[in-house]
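> Here it is, the structure, as structure tokens.
We did not get these values from a lab; they are worked out from the coordinates using the rules stated. None of these values were measured; they are calculated from a predicted model. Methodologically, a virtual Cβ is constructed for each residue, glycine included, from the backbone with ideal geometry; neighbour enumeration extends over all protein chains shown.
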Amino acid sequence: MGIDFRLMIIYLQEKSLTMTLKLTFAVLASLMLSACQKTDTAKFPEESAIKTPALITAARNFFDNNIATIQSTLPAANKGASSRQQINKIPVWEKASIAQDKTKGEVVIVPLQYEKPLYFKTNFGNGSTLSLDKQSDLWIYKDVSGKFKADVRITLPDKTYQEGISKSFAGYLLEEDWTGNSIATYLYKNGKVSLLKKNPLPLNSTNTVNREGNICYVVNWYQCDYIGNEIGYNCQLLYSDYIPCEGGAEDDGEGGGGGGGDGEVNNTCINAAVAEFQQEINGVQTASQTESIIIGNIDQITKSKNPKWTILIGAFGSWQLSSQESGVIKLIDAVENKWAWQSLAHGPITLTGSPLPTTSIEYDQGFGTSSFTPETAAATTVLYARMSLDFSVTYRLICNCPNVPIVGWLPPVHIDYTSTSTLWNSNPN
């Protein structure tokens with residue numbers, strides 16, 4: 001079969017031109033797409049950057065110019081020698097949000113961060129120790145006249161909400177100004193909100209005005225070193241707030257409240273009990289005093305040497321904890337009558353005396369660490385020894401005031417201690 005090479009050349013030329021045009025179009029399309037992408041990328045930061053809403057900006061300006069600089073210089077009526085109001089707090093503006101409230105309209109809600117870790121427990125919760133950081137917010141909103149207002153809101157959940165029984169928030173809400181002065185207290189229950197007629201006042205306050213009715217609910221404020229498994233360690237009780245019984249709330253229009261006379265006596269009694277309880281805790285001190293040493297014979301060259309020493313002294317010296325250790329010494333040089341420690345172990349802790357009537361104490365047996373081990377004693381000569389002891393004490397308030405449970409309404413205070421003894425020589429006398 002004959003082949004027309006001229007037709008084949010023309011065909012190949014047309015084929016090559018078609019492929020060139022397609023390749024050129026693909027390249028041009030790619031370049032145009034790249035140019036479009038570069039153009040979009042250049043515009044993206046300007047067009048899609050997250051802008052701070054104008055309301056948050058205005059709220060922050062109001063706070064900086066009116067609250068932080070002016071109100072922070074005013075004394076709070078309920079500031080005490082060791083109150084949470086003295087701990088500085090700052091709004092976390094980068095986490096601010098806007099919410100719609102039924103009564104206040106648009107509200108800027110700003111989380112708060114406290115300079116020191118503050119916690120609280122209540123007698124209506126599930127026993128957990130809650131962080132004030134996570135339970136408080138700054139609210140900024142406009143009143144009916146269009147002026148900005150600011151308050152701090154602290155939520156105190158009850159047991160039903162903490163355990164998921166109540167699907168909506170249940171408990172109390174404290175509304176305060178920036179310095180900690182109480183504005184109002186609200187009760188959230190069964191989906192309803194009630195305004196309490198009487199605001200809570202700190203129990204360590206000397207102000208007894210407008211206190212009436214029986215105390216049903218207590219909020220205890222602590223400053224703790226850390227929290228583990230919902231238990232506070234090395235906690236210092238700052239003070240307590242009380243909330244009157246629910247009869248003092250404006251719910252369903254019934255209102256109601258207690259009489260003034262009995263409540264006044266009741267509050268005075270509670271103030272004294274809590275103050276004495278706090279004195280007891282604050283007055284406790286670790287100790288290292290040797291009380292006695294008991295020597296016993298084991299064999300001709302070995303003796304027991306059991307030191308007993310004071311590890312903790314209660315307030316006013318009315319009680320103390322002592323630890324009885326168990327040791328063994330051995331004669332290593334009969335000519336010079338030289339003895340050395342062979343072992344030293346921690347023994348039982350016992351209580352002597354009793355705390356103030358408002359306080360009961362519970363203690364564990366602790367964990368003792370000797371300054372040497374039997375292995376060390378076998379390799380070297382141990383002439384002096386001491387014991388370091390880690391132990392814990394739990395303090396509970398005993399209240400004999402009318403209409404207040406004797407125990408339980410104030411959560412226990414758990415404190416860890418470390419005491420180290422003086423040096424004990426290895427001589428049997």
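> Please work out the FRET efficiency for the pair Gln300 and Ser360, using the Cβ-Cβ distance as r and a Förster radius of 51 Å; give the result to the nearest 0.05.
0.60
> Please list the non-local residues whose amide H lies under 5 Å from the amide H of Ser343, H modeled 1.01 Å from N, same-chain partners needing a gap of 5 or more.
Val328
> For a footprinting-style exposure proxy, rank Glu276, Glu362 by other Cβ within 10 Å, fewest first.
Taking fewest neighbouring Cβ atoms as first place, the list is Glu362, Glu276.
> Treat the count of other C-beta atoms within 10 Å as a stand-in for reagent exposure and order Leu397, Leu237 from fewest to most.
Leu237, Leu397
> Based on other C-beta atoms within 10 Å, arrange Asp416, Asp241, Asp137, Asp101 from fewest to most.
Fewest-to-most ranking of Asp416, Asp241, Asp137, Asp101: Asp101, Asp416, Asp137, Asp241.
> Hey, what do the phi angles of region 174-187 turn into as Karplus ³J(HN,Hα) couplings, whole Hz, using 6.51/-1.76/1.60 and θ = phi - 60°, x for Gly and Pro?
The phi angles translate into 9, 10, 10, 7, 4, 8, x, 5, 5, 9, 6, 10, 10, 9 Hz.
> Hey, which of these cross-link pairs are over 23 Å Cα-Cα: Lys95/Lys121; Lys159/Lys192; Lys102/Lys142; Lys308/Lys330; Lys116/Lys142?
Lys95/Lys121; Lys116/Lys142
> May I ask for the net charge around Glu176, where only other residues with Cβ less than 9 Å from the Cβ of Glu176 are counted and Lys, Arg are +1 while Asp, Glu are -1?
Here the charged neighbours net out to -2.
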